[in-house]
Amino acid sequence: MRTPVIAGNWKMHNTVQEATDLVRELKQNLSGIEGVEIIVGPPFTALCAVVSELGGSNISVAAQNVFWEEKGAFTGEIAPGMIKETGCSHAIIGHSERRQYFGETDETVNKRVKAALSAGLIPIVCVGETLEQRESGNTMNVVKKQIKGSLDGFTPSDFDSIIIAYEPVWAIGTGKTASPDQAQEVHKFIRNTISEIAGRDISQNMRILYGGSVKPDNVDEIMQQEDVDGALVGGASLKADLFTRIVNFKK
C-alpha cells in the first residue's frame, strides 16, 4: 500500500504573516488525519515561520526549489543545506513554471534532485506536457524523456526517496483538469517507465501525484484511480477550507 500524499504548492503567494495564519488553521483542521502524508510548500521567505508554527504537527514542509551547489557565488539561489536547516523535509523540483519561465531543463532538474537527496531532502519531481504536445500525440514521449533525463544515474535507494508529480501544463492554473481516465493513463505509463529504469518493485512503491487544477469537487474521482497516489495542489491550497477538503478526499 502506497501512503497517499497531498501537497500544497503555494507558488508566489503569502507573506510571512499570511503563511503563519494559514498553517495555524490547517494545523487545527487536519490534526486528526491519519493515513495520508500532508505537505505545504510556502515561498522561501516564509519557510522558517511555517516550520516553526507546524512543529509537532502532522504537516510537513517543502521548499519550492533548490540549487545544486552547497555554497558559492550564485546570487539569488538557495543551497540544499540552507533549506534543510529551516526544517524542510521536501523540495519541489522541475515544476512546469520553472521550466517555462526560468529555463529549467531535464539536466538541471537532475542536478537539483541529486543535491536534494544528498542533503536529506525528499524531491517531488514534476513532469508534464503542454497542450500543443498533447494535441500532437506526444504526451508519452515528452513525459518519458523528462523522467529519464531528470532521474538519470540514480540508485535503487535514491528512487525510494523520490516522489513524482504529473502536471499537464495545460491544466495548471487554467481551471482545466485532466479527466480521471487521462490522469490514470499517464500515471500508469510513468509507473511502467520507472519499472523499466529501476525495476518493478521500486515502481510499485513509488508515489505518483497528479497536479493540475485539483479542487474539492474533482479530487475524489482523481484519487480513485489505481495509479494516482495523491495530488500536488496549487490555488486550492491557499484556502484552508478547500485544502482541508482535498486532504479528506473520499476514495
Notebook entry, point to check: Got at least one residue in the stretch 70-79 being farther than 17 Å from Leu209 by Cβ, surrounded by fewer than 20 Cβ atoms within 10 Å (Cβ to Cβ) and touching a Lys or Arg at 6+ places or on another chain (Cβ under 9 Å)?
Noted result: yes
Check: Does Glu129 satisfy the condition of being of a type in the set (D, E, K, R) and either surrounded by fewer than 21 Cβ atoms within 10 Å (Cβ to Cβ) or in contact (Cβ under 8 Å) with a residue 60 or more places away in the chain (or both)?
Finding: no
Note to self: If I filter the stretch 21-35 for residues that are over 19 Å from Val233 (Cβ atoms) and among the charged types (D, E, K, R), do I get at least one hit?
What the structure shows: yes
Next item on the list: Please determine, by comparing only the residues of the stretch 16-33 that are assigned to a loop (DSSP other than H, G, I, E, B) and in contact (Cβ under 8 Å) with a residue 24 or more places away in the chain, which one is surrounded by the fewest Cβ atoms within 10 Å (Cβ to Cβ).
Entry: Ser31
Notebook entry, point to check: Among the residues of the stretch 182-203, which ones are without any contact (Cβ under 8 Å) to a residue 40 or more places away in the chain and of a type outside the set (Gly, Ala, Ser)?
Noted result: Gln182, Glu185, Lys188, Arg191, Asn192, Glu196, Arg200, Asp201
Next item on the list: Evaluate the stretch 217-237: report whether one residue or more is modelled with pLDDT of 95 or more, more than 18 Å from the chain's Cα centre (by Cα) and part of a helix (DSSP H, G or I).
Entry: yes
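The values are calculated or read from the model by the stated rules, or taken from the named source; none is laboratory data. Everything numeric here is computed off the predicted structure, so don't read it as measured data. Every residue, glycine as well, gets a Cβ built from its backbone with ideal geometry; the counts of neighbours run over all protein chains shown.
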